[in-house]
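The numbers here are math on the coordinates, done by the rules we state, and not lab data. Here the structure is a predicted model, which is why all the values come from computation and not from measurement. As a convention, Cβ positions derive from the backbone with ideal geometry for all residues, glycine included, and neighbour counts pool all protein chains shown.
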Amino acid sequence: MKPSQQLLEQYAALAVESGINLQKGQELVVRCPVECAYFARIIAKKAYERGAREVILSWSDEALSKMKYTYSPLEVFETMPPWQADFNNYYAERGAGFLSILASDPEALSGVDPQKIIAGTKASHEACQSFYEKTETNQIPWNIIAVPSPAWAKKVFPGCEEEEAIEKLWAAILTSVRVDGSDPIAAWEAHKESFQQKKDFLNQKQFTALHYQNSLGTDLLVGMPKNHIWEGGGDVTKDGFPFFPNMPTEEVFSVPDKDHINGTLVSSMPLNHNGSLIENFRFTFRDGLIVDYSAQKGEELLKHILDTDEGSRRLGEIALVPADSPISNLNILFYNTLFDENASCHFALGSAYPSCIEDGCSLSKEELAKRGVNDSINHIDFMVGTKDLSITGIEADGTKTPIFINGNWAF
């Protein structure tokens, strides 16, 4: 059962007004699965009411995608048709906002040849360089939200009938994105302010390294580059317009030094990557590079991810999320990174956000690399937080300061 029309409209308005912060005369590209067309129409209506020049829909269908991955040869995925690349680059260059609606079945592409998925990812990044550059450096606003699908809901709530599972997942999503209150937009403004104290403390400290330890076996020393910046609670475009890339969001995040990471890192939740699950995996780092890895499930897919390019074997994001947070306290495994990463401390394999280092958005890739900022066509978040996780900040003079104790903020 869907929520009331009022709640759906509040959610859509939140995505358009706070998520994208759509400006009058701006174009909006909406990426949406076909089964969520009803919600895309509400998004479009809210965007036009706010003054959108045009709302452009880009549809997807998991069943057709799986057919293509199953039956088409590898060579089909090794190039991207020019018209598809032109679509992304054209609207990015025009300054459009990009809003993505997620509703994926966590195992939609189970059994698909991972080489085809990786090939498609490579081809997309090569052909859509303008689009990715503009999103990664916040030149344009982008926003990701989620809507339940039957398959996703049943995965999250396997003991429920389909209708009940969808109803429960809708309730969890609306709670996570603060739409269940009387004024979601005001709630998000207050939420944005709640990050400031943590960011100010971490940015002032400028730790040279963070030491992670927990009972799963994580024992990792993460170097931090000079003049790194901790962000959280939303971003700002180059033109000064605030927006929220992810709804929900509970993380304070930055960029690790790609060449100074050593030790063992163990996952705490499954990773849903392009419709396939990777579970119970671990990495061994030496001088920033993953030199050994294993997974109880999905190890072949993990291998293909790590072999995508050199940057895929290094970390690009470090994110802090307390165990005692709104999404974590729901005690739901969403099998969806948008939600699970906001219930747990996490890292990302691959590309870093240039905005997380001083003047990063004005530097070339070569200059960023010299400052320890990783580059890759991948950016894949995975969860490592636990209720016994400790994180200790280490200053240049060796002073140690607790950041997390027993999975939660120490300050």
Open item on the list: Please give me the summed charge of the neighbours of Glu133: other residues whose Cβ is under 11 Å from its Cβ, Lys and Arg +1, Asp and Glu -1.
Closed with: 0
Open item on the list: Per-residue counts of other Cβ atoms within 10 Å, averaged by peptide: what ranking do you get for 337-344, 274-281, 39-46, 68-75, highest first?
Closed with: 337-344, 39-46, 274-281, 68-75
Task: Descending Cα extents along the principal axes, the stretch 5-184, whole Å - done: 51, 46, 24
Task: Assigned charges on the beta-carbon of Lys, Arg, Asp, Glu; the chain dipole about Cα centre (debye) - done: 280
Open item on the list: Rounded, prolate or oblate, given the Cα gyration tensor of the stretch 69-133, with a/c below 1.5 counting as rounded?
Closed with: oblate
Open item on the list: I'd like the FRET efficiency for Lys226 and Ser60, computed as 1/(1 + (r/R0)^6) with the beta carbon distance as r and R0 of 45 Å, rounded to 0.05.
Closed with: 0.60
Open item on the list: Modelling each spin label as a point 7 Å along the Cα-to-Cβ direction, I'd like the Cys160/Lys387 distance in nm, to one decimal.
Closed with: 2.3
Task: Farthest toward positive dipole pole in the chain [+1 Lys/Arg, -1 Asp/Glu at C-beta], among Gln23, Phe285, Leu349 - done: Gln23
Task: DSSP-defined beta bridges in the chain - what % are antiparallel, rounded to 5 - done: 75
TODO: Provide the FRET efficiency to the nearest 0.05 for the Asn408-Glu107 pair, computing r from the beta carbons and using R0 = 30 Å.
DONE: 0.40
Task: Contour excess over end-to-end distance, with Cα ends at Gln296 and Gln204 and 0.36 nm allotted per residue - done: 29.1 nm
TODO: Please give the residues of the stretch 100-122, grouped as numeric ranges, whose backbone N is less than 20 Å from a label point set 7 Å along the Cα-to-Cβ vector of Ala369.
DONE: 122
Open item on the list: Net charge within 13 Å of Asn406 by Cβ-Cβ distance, Lys/Arg positive one each and Asp/Glu negative one each, not counting Asn406 itself?
Closed with: -1
Task: Sequence-separation-based contact order of the chain, relative, with Cα cut under 8 Å and 6+ spacing, percent - done: 15
Task: Length released on extending from Glu358 to Asp324, taking residue separation times 0.36 nm less the Cα-Cα span - done: 9.2 nm
TODO: Please list, in chain and number order, the residues 5+ apart from Met269 or on another chain whose amide H is under 5 Å from its amide H, with Hs placed from the backbone.
DONE: Met383
- [ ] Above 19 angstrom, tally the Cα pairs of the stretch 237-391 and express them as a % of all pairs, no decimals.
- [x] 54
TODO: Let me have the 222 nm mean residue ellipticity of the chain computed from DSSP H runs of 4+ only, each contributing -39500 (n - 2.57), with the sum over all residues rounded to the nearest 500.
DONE: -9000 deg cm²/dmol
Open item on the list: Given an 8 Å cut-off on Cα distances and at least 6 residues of separation, report the relative contact order of the stretch 37-188 as a percent.
Closed with: 22
- [ ] Could you work out the relative contact order of the stretch 196-409, using alpha carbon pairs under 8 angstrom and six or more residues apart, expressed as a whole percent?
- [x] 23
Open item on the list: If I stretch the segment between Trp83 and Ala186 completely, what's the gain in nm (0.36 nm per residue apart, minus their alpha carbon distance), one decimal?
Closed with: 33.1 nm
- [ ] Using a cut-off of 9 Å between beta-carbons, work out the net charge of the residues near His211 (Lys and Arg +1, Asp and Glu -1, His211 not included).
- [x] 0
